[in-house]
1. Kindly list, by first and then second residue, each pair from a residue in the stretch A:79-100 that is within 10 Å of chain B (Cβ to nearest Cβ) to a residue that is among the small types (Gly, Ala, Ser), limited to pairs with Cβ atoms under 6 Å and residues at least 6 apart or on different chains.
2. Please specify each residue of the stretch B:85-97 satisfying the condition of being facing chain A (nearest Cβ under 10 Å) and either touching a helix residue (DSSP H, G or I) at 6+ places or on another chain (Cβ under 7 Å) or surrounded by fewer than 16 Cβ atoms within 10 Å (Cβ to Cβ) (or both).
3. Being within 7 Å of another protein chain (Cβ to nearest Cβ), of a type in the set (A, V, I, L, M) and more than 22 Å from residue A:20 (Cα to Cα) is the filter here, so list the residues in the stretch B:1-49 that pass it.
4. Scan B:112, B:68 and give me the residue that is over 26 Å from residue A:17 (Cα atoms) and either more than 9 Å from every other protein chain (Cβ to nearest Cβ) or at pLDDT 85 or above (or both).
5. So, in the stretch A:29-45, of the ones that are over 16 Å from residue B:48 (Cβ atoms), facing another protein chain (nearest Cβ under 7 Å) and touching a Ser or Thr at 6+ places or on another chain (Cβ under 8 Å), which residue ends up surrounded by the most Cβ atoms within 10 Å (Cβ to Cβ)?
6. Has the stretch B:7-21 got any residue that is in contact with a Gly (Cβ under 8 Å, 6 or more places away or on another chain), under 25 Å from residue A:35 (Cβ atoms) and not aliphatic (A, V, I, L, M)?
Amino acid sequence: MTPEIVSFIGSAFMVLGAFIIATAAIGLIKLPDVYTRTSAVGTAAGLGVSFMIIGVVVLDYSTLNLIKGIIAIIAQLITSAIGSFMLARASYMTGGKPVETTVPDELADQS
Amino acid sequence: MRGSFLSSPWSLPLRTIGFIGWFVWQFIVTSLQVVTLIITPGRKPAPGIVSVKMDSLSDTELTILIALITITPDTLVIAVDREKGEMFVHGMFVEGDAEGLRVALRQTHDRLIAGLRRNPEIGDSKGVEL
């Protein structure tokens, strides 16, 4: 592939990743309660970061960078999953109520 | 013979790769759903919390399942009740249809077992110890 095409694909991935992270920032304001915010923002940003890493690896390709990129994506997704779970659990245990449009709410029905 | 190959220990690498591919696809699709929800003006999410029965999983499998459910942007595990083998999952696009989310989560659960266990069809209650 010519350098122009490589640079185009890499830049496209990075712009797309930046767009997804910007969307997550808007979601932080728009979404109604802590649970929707955590689940949407915590990991939609994960996809954004993954796209940026893919873009960087495409722009500056080497086998070592590819391996580093894959490890970075996996570590990013696992840590953001555990972080989201911990935030949701902490919020539930300190009595954070989900927004009223949450239907059904089987957790509230049970306790 | 094909069916017995897919349930034999030798097909485990194939099943694991298949599961990873399916999961990456799910992750991208649900991420884009959440992105469209956020950038559509005036659209509100229709969240819900459902309880899901999660019996016959080892500790390792349960941890992986919780991580995978939370990684997909539209679902989030809030609490786990180990004694009753039950977990509470928050979904962003439930729209009152609790059964639909339960079926989807059950599918993730079954696919995870098929991608992780050496003998997925025996269905032993102990699961794998990695």
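The values are calculated or read from the model by the stated rules, or taken from the named source; none is laboratory data. A quick note: this is a predicted structure, and the numbers were derived from the prediction, not measured. So basically every Cβ, Gly included, is an ideal-geometry build from the backbone, and we count neighbours across all protein chains shown.
1. If the second residue must be among the small types (Gly, Ala, Ser), the pairs left are A:80/A:42; A:80/A:46; A:81/B:67; A:84/A:42; A:92/B:79.
2. B:88, B:89, B:90, B:91, B:92, B:94, B:95, B:96
3. B:49
4. Values: B:68 fails: over 26 Å from residue A:17 (Cα atoms).
Unique residue meeting the criteria: B:112.
5. A:43
6. The answer is no; no qualifying residue exists.
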